[in-house]
1. Have a look at the DSSP beta bridges in region 1-94 and tell me what percent are antiparallel, nearest 5.
2. With the chain treated as a Gaussian network of Cα nodes joined by springs under 10 Å, which of F177, F202, F94 yields the largest mean-square fluctuation?
3. Full-extension gain between R237 and E74, please, as 0.36 nm times their residue separation minus the C-alpha to C-alpha distance.
4. For K243, give me every one of the aspartates and glutamates with a C-alpha distance below 13 angstrom, ignoring sequence neighbours fewer than eight places off in its own chain.
5. Can you find, among V201, G211, Y14, the residue sitting farthest towards the positive end of the charge dipole of the chain, where Lys and Arg contribute +1 and Asp and Glu -1 at Cβ?
6. Could you tell me the accessible area of L242 in Å² (1.4 Å probe, neighbours in place), rounded to the nearest ten?
7. How about region 42-129: which trypsin sites (Lys or Arg not before Pro) there lie in a loop by DSSP and see at most 11 other Cβ atoms within 10 Å?
8. Any lysines with Cα under 18 Å of the K32 Cα? List them, leaving off those in the same chain fewer than 8 positions away.
Amino acid sequence: MALITSDALVLRAYKLGETSKVVVLLTRERGKVRAVAKGARGGRPRYRSALEPLSEVRVSLHGRQGADLMRLGECELLRSAFRTGERGLETALFLSYLAELLDAFAQEGEADDKVYRLALAVVQAAEEGVPEALLGRYLEAWLLKLSGIYPPLDRCAGCDRPLPAGPLRYRRASHGFVCDDCGPASGPVLPEGARSFLGEVFRRAPADLAGPVPPEATILESFHYDLISSHLERDLRSHRVLKDVAREAP
Ligand SMILES: [Zn+2]
């Protein structure tokens, strides 16, 4: 039985039998890991709020190399996501969305320090009160970029020449932004404000993003979501819930 200790972010936890949970962790040492947390449910649950989504923990994990399911040993809470989630239903849902995004993109059993540091920085910025709409677009853009899916902002996907200043015109068939000669664009067209916002996203740490969200940047939400759902070949449940809640809000 190998033993790993690692810092980790909790992505989600689900019930297993009467007294246990399976916890999905984004670990610094091994990428995404699933582990059985024995005694995590019941009258006197072990671990308590350490298993809240996006809590930062230090864990010890037991199990064979390459096993699908490890066993959670110690789990020390370094930073609770609970305080951020306490700000209200929408914030709690937003944190679930971030966790589901990370769960969808992180590779199982494969350490990726860039993704880990990105996740940590976004969670910290959420705690510091950086607006959710900015952080959502930030995490989406970076996960897409680190997966090699985000189209370059400065070169035409058709002819590889530099793109002129101004709006970015997306062409689905080319999987990227195109110049006038390589069109027609199938959409969307990202206005200049969205383009400069993206420039900030790829230059800055999430804590340095200052609100409010530029109005042109809201178009990025659906643009990113199209890229994400076609990459994953599925929808994200928490994204749909967030949208439903936003629609019902007065
Ligand atoms: Zn071109």
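1. 95 percent
2. F202
3. 55.6 nm
4. Result set, ordered by chain and number: E90, E221, D235.
5. Y14
6. L242 exposes around 40 Å² with every protein chain in place.
7. Qualifying residues, ordered by number: R64.
8. Counting by Cα, and skipping residues close in sequence, K32 has these lysines nearby: K21, K114.
The values are calculated or read from the model by the stated rules, or taken from the named source; none is laboratory data. What you see is a predicted model, and the numbers here were worked out from it, not measured in a lab. We place every Cβ from the backbone using ideal geometry, glycine too, and count neighbours over all the protein chains shown. Just so you know, the surface numbers come from the protein's heavy atoms only, side chains and all, with ligands and any DNA or RNA stripped out. Shrake-Rupley method; radii C 1.70, N 1.55, O 1.52, S 1.80 Å.
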